[in-house]
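Following: one structure in structure tokens, then a few remarks.
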């Protein structure tokens, strides 16, 4: 394989405003230079498409694809179908990259011969974070440890954006998701089934901008609950009868607890009363098995018991014990 392979960077752009230019500049500043950058203007109406066109005139590695709004998966899928690189990475148009991110991830893919490499990402507000120092080592997660890490290791994250993928992985996996929420987890679970493992570089390479329009700040909707539960059930069904069955059961049960906590955090929790009752019924039915599952942390087991019997105190306590995964 070419030791300086072309890397395709797919940038999803939709009404990103003043955040878009810093994002594109952070990609242009990558120390690894052999890039093609596909800016997918997903029906923007705020001038973001023109920013992309102007940037493409400045840097020949960048090109814009204008299209109607096809959603997150549809936009990224367009990028994959137009890409020419041996490796593909994904960036949202309001986020930032560490200047060494692509280089580090590509080096680990090449040195380990694994088709996926990932790094940590952090959310940030306001001022741009200062890049941290270069990592000294990396982890090799051989199959099925990489799938277990996707479920339970919060450094690995569900996101497509903190990873680099060999392009041939997408030859076997349609770039499609039946869900709108947790779509990255759904896609990663399917993609990583075809990978013999992944490398993990333990440094922050991706900076996830938080602002009022971020998807994680949107009010709770019924589909947020049903989509996430669908993905968790899909993972559990896939893992049945295999070495990850107990781990997937723990993951599914933790998702029940998390979704229940999402409802309890809402000011309008009564609007989701039927969903809350359904989740609580399933949590209670699976409690005995969950308490015996070594993959479920002590904090989650305590949260499960409090969910069943904690009454009004649980709504406050769950905010401390349960964290979001994107």
Original post:
How many residues does the stretch 294-309 contain that are farther than 19 Å from residue 262 by Cβ and either outside the structural domain of residue 251 (by TED's automatic domain parsing) or not in a helix (DSSP H, G or I) (or both)?
Top reply: 2
Original post:
Inside the stretch 70-87, can you point out the residues that are assigned to a loop (DSSP other than H, G, I, E, B) and either at pLDDT below 95 or not assigned by TED's automatic domain parsing to the domain that holds residue 159 (or both)?
Top reply: 70
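Yes or no, residue by residue, for (1) touching a strand residue (DSSP E or B) at 6+ places or on another chain (Cβ under 8 Å); (2) closer than 25 Å to residue 28 by Cα:
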| position | (1), (2) |
| --- | --- |
| 93 | yes, yes |
| 130 | no, yes |
| 134 | yes, yes |
| 142 | yes, no |
| 176 | no, no |
| 179 | no, no |
Original post:
For the subset of the stretch 63-85 comprising residues that are touching a helix residue (DSSP H, G or I) at 6+ places or on another chain (Cβ under 6 Å) and touching a residue at least 40 places away in the same chain (Cβ under 8 Å), which member is surrounded by the fewest Cβ atoms within 10 Å (Cβ to Cβ)?
Top reply: 80
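Please determine whether any residue of the stretch 38-60 is surrounded by fewer than 19 Cβ atoms within 10 Å (Cβ to Cβ) and in a strand (DSSP E or B).
Going residue by residue through the stretch 38-60, those that are surrounded by fewer than 19 Cβ atoms within 10 Å (Cβ to Cβ) are 43, 45-47, 50, 53-54, 56-60.
Filter once more, so that each one left must be in a strand (DSSP E or B): none.
Among the residues of the stretch 38-60, not one is surrounded by fewer than 19 Cβ atoms within 10 Å (Cβ to Cβ) and in a strand (DSSP E or B), which makes the answer no.
Taking the conditions exactly as written (assigned to a strand (DSSP E or B), within 30 Å of residue 66 (Cα to Cα) and touching a helix residue (DSSP H, G or I) at 6+ places or on another chain (Cβ under 9 Å)), does residue 90 satisfy them or not?
On the way: assigned to a strand (DSSP E or B): yes; within 30 Å of residue 66 (Cα to Cα): yes; touching a helix residue (DSSP H, G or I) at 6+ places or on another chain (Cβ under 9 Å): yes.
Yes.
Test of understanding: among 229, 164, 147, which residue is over 14 Å from the mean Cα position of the chain (by Cα) and surrounded by 19 or more Cβ atoms within 10 Å (Cβ to Cβ)? Steps first, answer last, please.
Working: 164 fails: over 14 Å from the mean Cα position of the chain (by Cα); 147 fails: over 14 Å from the mean Cα position of the chain (by Cα).
From the options 229, 164, 147, the qualifying one is 229.
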**OP:** All but one of (1) out of contact with any strand residue (DSSP E or B) (no Cβ under 9 Å at 6 or more places or on another chain); (2) assigned by TED's automatic domain parsing to the domain that holds residue 27; (3) more than 17 Å from residue 115 (Cβ to Cβ); (4) buried (at least 19 other Cβ atoms within 10 Å of the Cβ) hold for residue 205, so report the exception by its number.
**Re:** (1)
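The values are calculated or read from the model by the stated rules, or taken from the named source; none is laboratory data. Quick caveat, the model's predicted, so the values are computed rather than measured. Quick reminder, even Gly has a Cβ in these numbers, built from the backbone with ideal geometry, and neighbours come from all protein chains shown.
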